[in-house]
Amino acid sequence: MRCDQTPAWQALQAHAAGFKGFDLREAFARDPGRAAGLSQEAPGVFADLSKNHTDSATEALLLQLAEQTGLAQQRDAMFAGAPINNTEGRAVMHWLLRQPASAPGGSEPKPIRAEPTPVRAEPTPVRAEPTPVRAEPTTVRAEPTTVRAELVEAHHQVQETLNAMLAYAEQVRLDAEITDIVNIGIGGSDLGPQMAVLALQDFVLPGKRFHFVSNVDGHELAAVLKGLKARHTLFLIASKTFTTVDTMLNARSARAWFEAQGGTDLARHFVALTANADAAAQFGIRRWLGFWDWVGGRYSMWSAIGLPIAIALGADRFRALLAGAHAMDRHFQSAPLAQNLPVRLGLLDVWYRNFLGYSSRSIAPYHSGLRRLPAYLQQLEMESNGKRVDRGGQALPYGTAPVLWGEPGTNGQHAYFQMLHQGTDVVPLECIAVKKPTHTLAEHHELLLANAIAQAQALMLGQSDADGHRHFTGNRPSTFLLLQALTPESLGALIALQEHRVFVSGAIWGINSFDQWGVELGKVLAKDIRARIASGDASGLDASSAALLARVR
Ligand code: F6P
């Protein structure tokens with residue numbers, strides 16, 4: 001049943017009407033168990049949800065909404081490999097990429113130690129043969145009799161590709177001649193690897209530099225190439241489709257630069273990470289790592305797209321990243337909905353968006369390594385749930401994806417937090433803090449954590465002042481996520497948590513969170529305008545575009 005037609009939706013509307021006078025300070029005074037009751041331990045992540053505009057009655061009604069919209073069944077369909085990406089006829093199985101080798105039906109993965117011990121690279125270069133890893137796409141169908149066998153086969157292929165990728169990553173790590181790894185890709189083929197390599201900088205192999213070129217803007221590629229030598233550079237051309245024009249142009253220009261520098265061994269210096277091996281071969285790339293159509297671009301950092309992460313961290317730590325995400329998958333699959341962190345966060349997102357009218361969420365990672373996390377989460381949430389029609393294509397009468405935005409704390413505090421504290425709109429804040437740093441500047445970390453807690457506190461408590469300019473209303477909501485340490489394992493868990501909370505709200509809204517038709521129109525028009533920039537032909541253009549065309553020529 002569509003969410004707005006359920007009894008729970010009506011009940012939530014009535015509940016929201018009575019919620020206008022809700023005050024966080026009073027809620028804490030009324031209920032001494034509030035902090036504990038609205039906190040949740042999940043693998044790798046502790047969440048304090050208690051400073052949100054919610055209470056046990058809200059949670060109970062949201063759980064009814066989950067039940068009446070078949071959330072658990074929708075989740076189970078994803079984990080069964082059903083083609084829930086209905087507009088593209090595809091299964092959604094990024095979770096399979098992080099299942100341990102022994103699964104499905106196997107034992108638990110071995111816990112992997114994730115201490116930031118320094119990794120030493122052997123000086124002997126190892127020449128990797130350009131053995132293509134054949135990873136033919138498996139299409140997983142919904143029929144229950146065949147689906148399990150197909151899942152087992154897909155899992156087998158995943159393991160084969162993962163092993164080949166990690167073996168190759170280890171070769172690159174040992175190859176002292178390769179000092180610079182340039183990932184060329186955009187969207188899901190850039191944001192995940194870039195975010196993770198930055199986040200896990202303390203684990204990155206010394207002696208290797210990682211560069212990420214995504215924008216078609218030549219300034220980006222030119223700036224990176226300036227500091228490189230062909231002989232020491234490995235280009236990873238990351239594109240699921242291998243047709244994205246931005247990436248293809250960057251890849252062609254990188255190849256031209258490589259050849260102009262006297263580079264000849266393309267097989268050694270260019271690797272494709274793609275689900276379209278034929279297109280990579282046509283481009284002239286002989287070494288490739290594949291993945292499958294059931295891995296969405298924004299869910300692909302666990303696949304071959306994660307090669308930069310694997311080179312940076314090494315095989316064991318890449319497996320630890322997968323293991324952390326897998327632990328969160330299991331939590332999402334098996335914890336009762338009332339104690340299921342992705343479910344609680346996703347339901348809160350629905351409550352805020354549809355009942356309290358909060359249409360954006362600000363992300364504040366209190367760890368500078370997580371500085372690309374807001375951008376990563378933007379794609380995850382807004383490309384997945386930025387939809388105005390239901391799964392059947394019918395226009396929806398309610399709002400979907402919130403706007404996500406943010407910067408690391410404490411930077412954001414000195415920029416836009418003014419608006420969070422005293423602006424006219426209520427913007428829920430999501431703080432992500434890390435208990436143990438990897439540096440020894442204890443004073444810094446203490447101050448950082450103090451700021452994270454204090455901001456959430458200040459938003460809630462506010463401060464009365466007769467002078468309106470100095471008055472803080474308080475009662476502003478926030479969520480606090482805490483990791484013990486930022487390790488491959490905890491990062492994996494954090495990202496899987498975010499993936500699943502996006503799944504939850506998308507499932508409640510009844511939309512397909514796994515397509516992205518909204519990006520197509522701009523691509524088509526850009527092709528047309530590009531031709532017009534060359535020819536000067538403005539015929540049939542609207543007056544504004546025609547005038548801009550004339551100005552840029
Ligand atoms: O244009 C949007 C998009 O298709 C994203 O969904 C995707 O992550 C990105 O472009 C890159 O696509 P590809 O990996 O196929 O180059």
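The values are calculated or read from the model by the stated rules, or taken from the named source; none is laboratory data. Remember, predicted model here, so these are calculated numbers, not experimental data. Positions of Cβ are generated from backbone atoms using ideal geometry, with glycine treated the same way; all protein chains shown enter the neighbour counts. Just so you know, the surface numbers come from the protein's heavy atoms only, side chains and all, with ligands and any DNA or RNA stripped out. Shrake-Rupley method; radii C 1.70, N 1.55, O 1.52, S 1.80 Å.
Quick notes on this one:
- Charge tally for Phe514 (other residues, Cβ to Cβ under 12 Å; Lys, Arg +1; Asp, Glu -1): -1.
- The stretch 294-367: proportion of alpha-carbon pairs further apart than 13 angstrom, %: 76
- Spatial offset of the stretch 443-457 relative to the stretch 54-74 amounts to 33 Å, using the alpha carbon center of each.
- All other residues whose Cβ lies under 14 angstrom from that of Thr243 are scored, Lys and Arg at +1 and Asp and Glu at -1, for a net of 0.
- Each peptide among 302-314, 20-32, 349-361 gets the average number of other Cβ atoms lying within 10 Å of its residues, and from highest to lowest they stand as 302-314, 349-361, 20-32.
- Rounded percent of accessible protein surface that carbon and sulfur make up, the stretch 287-373, 1.4 Å probe: 44
- P(r) tail for the chain: Cα pairs beyond 46 Å make up 16% of the total.
- Restraint check, Lys226/Lys527; Lys240/Lys435; Lys208/Lys240; Lys240/Lys527; Lys229/Lys523, Cα-Cα greater than 27 Å: Lys226/Lys527; Lys240/Lys435; Lys229/Lys523
- Hz values of 3J(HN,Hα) by residue in the stretch 333-345 - Karplus curve (6.51, -1.76, 1.60), Gly and Pro given as x: 6, 10, 6, x, 4, 5, 10, 10, 4, x, 5, 5, 5
- Trp257 contributes about 40 Å² of solvent-accessible surface, heavy atoms of the protein only, 1.4 Å probe.
- Unit charges on C-beta of K, R, D, E only; dipole of the stretch 432-553, Debye: 320
- What the Kirkwood sum gives for the stretch 1-102 is a hydrodynamic radius of 16.6 Å, with every pair of different alpha carbons counted.
- Remark on Gly406: its backbone amide H falls under 5 Å from those of Ile363, a criterion applied only to residues 5 or more positions apart or on other chains, H modelled at 1.01 Å from N.
- For the chain, accessible area per residue (1.4 Å probe, heavy atoms of protein chains only), Å²: 43
- Cα-centre dipole for the stretch 173-229 with unit charges at Cβ (Lys and Arg positive, Asp and Glu negative), debye to 20: 140
- Percentage relative contact order, the stretch 268-322, counting C-alpha pairs under 8 Å, at least six apart: 28
- Each residue of the stretch 206-212 was assigned a 3J(HN,Hα) from its phi angle through the Karplus curve 6.51 cos²θ - 1.76 cosθ + 1.60 (θ = phi - 60°); the sequence is x, x, 10, 10, 10, 10, 10 Hz, with glycine and proline shown as x.
- Proximity of backbone amide H atoms, modeled 1.01 Å from N, is registered between Ala485 and Lys435, Lys436 at under 5 Å, excluding neighbours fewer than 5 places apart on the same chain.
- Residues in the stretch 13-36 that a label on Ile453 would reach, taking backbone N under 17 Å of a point 7 Å out along Cα→Cβ: 35-36
- Scalar couplings 3J(HN,Hα) for the stretch 414-426, obtained by applying the Karplus form with A = 6.51, B = -1.76, C = 1.60 to θ = phi - 60°, are 9, 10, 10, 4, 3, 5, 5, 7, 10, x, 7, 9, 8 Hz; x denotes Gly and Pro.
- Rough spin-label spacing in nm, given labels placed 7 Å along Cα→Cβ, for Thr473 and Arg148: 5.6
- Taking the protein heavy atoms of the stretch 393-500 in the context of the full set of protein chains, the accessible area attributed to carbon and sulfur is 55 percent at 1.4 Å.
- Ranked from largest to smallest solvent-accessible area, with a 1.4 Å probe on the protein heavy atoms, Val504, Val245, Val152 come out as Val245, Val152, Val504.
- Whole-number D in µm² s⁻¹ for the stretch 344-476, Kirkwood Cα-pair radius fed into Stokes-Einstein, 4 °C, 1.567 mPa s: 79
- Projecting the Cα atoms of Gln64, His155, Leu24 onto the dipole axis of the chain, where Lys and Arg carry +1 and Asp and Glu carry -1 at the beta carbon, places His155 farthest toward the positive end.
- Potential extension, Met419-Asp528 segment - 0.36 nm per residue separation minus Cα distance: 35.2 nm
- Between Phe28 and Gln463, the modelled labels are 1.6 nm apart [label points 7 Å from Cα along Cα→Cβ].
- Distance between the 7 Å Cα→Cβ label points at Ser368 and Asp316: 2.9 nm.
- Residues Val389, Val147, ordered by accessible area of protein heavy atoms at a 1.4 angstrom probe radius and largest first, appear as Val389, Val147.
- Each helix, a run of at least 4 DSSP H residues, gives -39500 (n - 2.57); summed and divided by the residues of the chain, these come to -13500 deg cm²/dmol at 222 nm.
- Directionally averaged shadow of the stretch 227-367, computed from the convex hull of its alpha-carbon atoms, nm²: 12.3
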